[in-house]
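Below: the structure, in structure tokens.
Just so you know, all these numbers are worked out from the coordinates, no wet-lab data involved. The shown structure was predicted, so the numbers you read here are calculated from the model rather than taken from an experiment. Every residue, glycine among them, receives a Cβ derived from its backbone with ideal geometry; neighbour counts consider all protein chains shown.
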Amino acid sequence: MNDLFQNQVPLLRPWLGKEEIDAVSEVIASGWICQGNKVDAFENGIANFVGAKFGVATNSCTQALHLCLTIKGVGIGDEVICPSFTCMATANAIHHSGAIPCFADIDEQTYNFNPESVKKVISPKTKAIMLVHQIGQPADIDSFKKIASEFNLLLIEDAATALGAKYKDKYLGANDSTACFSFHPRKMITTGEGGMIVTSDKELVRKAKMLRSTGADSSDLERHHAKGTLIQNYVAVGYNYRMTDMQAAMGLVQLKKINDIINQRAEQAKVYNNTLSEIEEIEIPFVPKFGVHAYSSYLIRLKKNCGVSQKEFLNKMAANGVSCRIGIQPLHFEPFYRNLFGTLSFPVTEEVAKSTVFLPIFPGMTEKEQSKVIQSIKKIIVKNHVKV
Ligand SMILES: *Cc1c(COP(=O)(O)O)cnc(C)c1O
């Protein structure tokens, strides 16, 4: 089907088809390709799906996070706490607001934020906690809500990877959360690039819609409907963070498939869990009782006794025709932060980063492909196994 991926089990393969192609083609043929009705419909669709009141679409989750911080008054001189074990984009959004990211460590089992570590870095300058739901795994929202209210901090959820994950029987983004999603191809559904804020905060929505579109107090679509009689006023220095109707049309098709996508990933995770839990040298993902993992990624941990390093494991899997990847690169090791902060130490983050790898998981992965992954792991781990 796709030459890019022949004879190789890829880390992921976008799950797109004729329906997406038709939906985008229809938008192009309609003559309205920029932010318009499709974006409105996609915002409502995502908000309805997660159980939030409103959605505000952007062109990336980075932009969505940046808007939330800026609108909530986070700026120069402030600190925002976020994990080091996350995508660079989380911290970039904090910098864009003018604030400084302040890293804290993660939990040994869930790889999500550790509340005790977060409390330790709260300072008089701390304005917000950016709670990341990492690789589809819901973080313990209630314990962070408690910290936020105790120290009078904002709580913003970076749920980029975790559309469809549940916390205490509700989808992330439900109720009174303010959460941001990404629609990059490595996330749960895709629009190529894209992001969205979901919230029940009406004022945040009003400001986000204004700021994403040059700071104008009316949208292109509103002016179009007014047939030229509506003149916009520029009430702030805004951005161009608009999603196009072409992207939103694709997103609407993807959203129709979300339950299928969630189920396929859950099934694949179950197969991995069942077979890999038999291999004593590997740790499978731990999911706390309060949560349902969306498995946007499947991260395994190579225990010390597994006989291969992370790098050897990746090379051997590649030689077997399976693409894996190192887990998440700690931000405090990146050149930018080394220069800015000097040497920082987050022991759990560092240990987890050294010992974890992503396995292929994606809707449309065949049983044959998955069994090739599993057989390759068995071959590598058993062959290199050193009894200790
Ligand atoms: C992917 C990702 C982002 C960034 O999303 P974009 O849409 O690419 O801006 C932010 N945070 C986390 C945790 C991510 O995984």
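Taken over the range 25-59, the criterion of being of a type outside the set (Asp, Glu), at negative phi and in contact with a Phe, Trp or Tyr (Cβ under 8 Å, 6 or more places away or on another chain) is satisfied by Ile46, Ala47, Phe49, Val50, Gly55, Ala57, Thr58, Asn59. Take the conditions (1) without any contact (Cβ under 8 Å) to a residue 60 or more places away in the chain; (2) away from the ligand (no atom under 16 Å from the Cβ); Val80 misses just one of them, which is (2). For the range 151-190, filtering for residues that are part of a strand (DSSP E or B) and either touching a strand residue (DSSP E or B) at 6+ places or on another chain (Cβ under 8 Å) or within 12 Å of the ligand (Cβ to nearest atom) (or both) leaves 11. Restricting attention to the range 133-147, the residues that are within 11 Å of the ligand (Cβ to nearest atom) and of a type in the set (Val, Ile, Thr) total 1. One residue stands out in the range 9-61 among those that are of a type in the set (Phe, Trp, Tyr) and part of a helix (DSSP H, G or I): the one that is surrounded by the fewest Cβ atoms within 10 Å (Cβ to Cβ), namely Phe49.
For residues that are outside any helix (DSSP H, G or I) and β-branched (Val, Ile, Thr), scanning just the range 236-285, find the one that is surrounded by the most Cβ atoms within 10 Å (Cβ to Cβ). So, considering only residues that are outside any helix (DSSP H, G or I) and β-branched (Val, Ile, Thr), the one surrounded by the most Cβ atoms within 10 Å (Cβ to Cβ) is Thr244.
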